[in-house]
Every structure is written in C-alpha cells, then in structure tokens.
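Report on one structure; see the data block that follows.
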Amino acid sequence: MLLLAIDTSTSAITVALRGEGVAASATVLDARGHSEHVAPLIERCLASAGRTPAEVTGVVVGNGPGPFTGLRVGIVTGLVFGHARGVPVHGVCSLDALAADAAPLVGRRELLVATDARRKEVYWARYAVETVDASTPERLVTRRLTEPAVDRPADLPDDVRALPTAGRGPVLFPDLFPHAIGVLDVQAATLAALAEERLDGGEDMPVEPLYLRRPDALTTAERGAR
C-alpha cells in the first residue's frame, strides 16, 4: 500500500506519501493559494520518496470542513489523480487529523478542535482521547463526540470552549478559546496514518466534502434572485 494524502481544508496546503516503508511530506502555509501549490507539492513528495505516480495504490483527501474554494481544490485534485491512475480515493474528516496530533499533548481527557471558517466563525468538533487498551496506556486514540459544525465561537457552550483547543480558533479568538494546544493546521502525514488504520480495520471512507454552508460566490441566477 502506498497512499497519497492531500488536505486543503486549513491554511496549510499539505501532501504526504505513506506506506511500504515510505514516508514523505510537504506543506505550504497559504490561506488563499491552494490551487497553485497542490500539484508541485505532490511532485515534491514523489521525488523525495523516489516514487512515481504509477506506484501510488490509493489516495486520501481531507473531507474538511473547510472554506468552499480551498477545500474543493484538494478534493478535486485527489479525485482526478485517483481516476487517472485507476486507484481508490478515500475521505477522512480533516478535524480528526488535528485531534490525533493534539491527543498526545492533552492525554486522556476531552479536547476541542476549532478551525478558521471565516465570517467570524469556526468549524469545530469535540473529541474524547482514550487508550486503545490497558496493556498499552501510551497509545492514544481519539473518538469524535459531535458531528462537525460551524458556529460563532461565542455561541459554543462555555464548557466546550473551556476545553484544550487545537486549530486556529484560539489564535483568532484567544479570549473565547483560552486553552490553546498549539496544533494549528492539518498535516497530511497524520491524515494518511488515520486512513491506513481505518483501511486496515475495514472501514468505509467515502469522499464527502463537508462545506457546512453555501459558498461565498454566487451564480448569476442566485445574484439575480437577491
């Protein structure tokens, strides 16, 4: 198995390869330049790993949630790559990857992931951090307790905002998310690791973009209706 992972749901445009002893990743921070960076990052990862597109056996994309245009770039790129190579494309909630990276920093307790949704809102979900079993207490996994949502930070319950929080929510709204963890953006390497675990467990991982609201841009008909 050689997975190509792509995520463009946050300010990080991030790509990774994982499998068969291969590990390569590349990330660029640019909240508005997703379409310019994805293809070069894929080329960089393949070159770094000494692999070709023909060796990729599957693609993983971050389903978001994320702003419409940026999120769409990563998902469409992954679907096109998969179609061109004839390999399956899988989807993983991008917030799950942030939670996985944050888990070792908080231990066995609950945490919040809150990312920038623009319009003074955040995409968010609540997680429980748990051990796999008593014999390996150091191995932590996360379990999502709520479905991804988009809200104004002040509208979240006080007990939720008080949780240790990953994502850029605490950077944008430090008074409302006082317990920042420091994990800011999705890393494709983590997305690939989650996908590998879920594939090994036989999970179905459909590509389902989590836009959660309508895009900022309107069609000509929609503008006319307004």
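The radius of gyration of the Cα set in the chain, together with its Dmax, comes out at 17.6, 63 angstrom. Students often get this wrong: which residues of region 48-86 have the backbone nitrogen under 11 Å from the point 7 angstrom along Cα-to-C-beta of GLU20? Under 11 Å, as judged by backbone N against the label point of GLU20, lie 50-58 of region 48-86. Using the Cβ-Cβ distance between SER35 and HIS83 with R0 set to 30 Å, the FRET efficiency works out to roughly 0.95. For region 25-136, the residue among VAL80, SER25, ALA128 whose Cα projects farthest onto the positive side of the dipole built from Cβ charges is VAL80. Per residue, the accessible area of the chain comes to 48 Å², computed with a 1.4 Å probe over protein heavy atoms only.
Across region 101-156, Cα-Cα pairs more than 14 Å apart make up 56 percent of the total. Taken along the Cα-to-beta-carbon direction at a fixed 7 Å, the label points for ASP200 and ARG152 span 4.5 nm.
For the chain, what proportion of DSSP beta bridges, expressed in % and rounded to the nearest 5, is antiparallel? Counting only bridges with both partners in the chain, antiparallel ones make up about 70 percent. The charge dipole of region 7-107, taken about its Cα centre with unit charges on the Cβ of Lys, Arg, Asp and Glu (plus for the first two, minus for the last two), comes to roughly 140 debye. Highest-first packing order for the peptide set 9-20, 51-62 is 9-20, 51-62, based on the mean count of other beta carbon atoms within 10 Å. Each Lys and Arg contributes +1 and each Asp and Glu -1, all at the Cβ; summed about the Cα centre of the chain, the dipole is approximately 640 debye.
The values are calculated or read from the model by the stated rules, or taken from the named source; none is laboratory data. Bear in mind the structure is a predicted one, so any value in this text is a computation, not a measurement. Note: ideal-geometry Cβ built from the backbone for every residue, glycine included; neighbour counts use all protein chains shown. Surface areas here come from the heavy atoms of the whole protein model, side chains and all, with no ligands, DNA or RNA. Shrake-Rupley method; radii C 1.70, N 1.55, O 1.52, S 1.80 Å.
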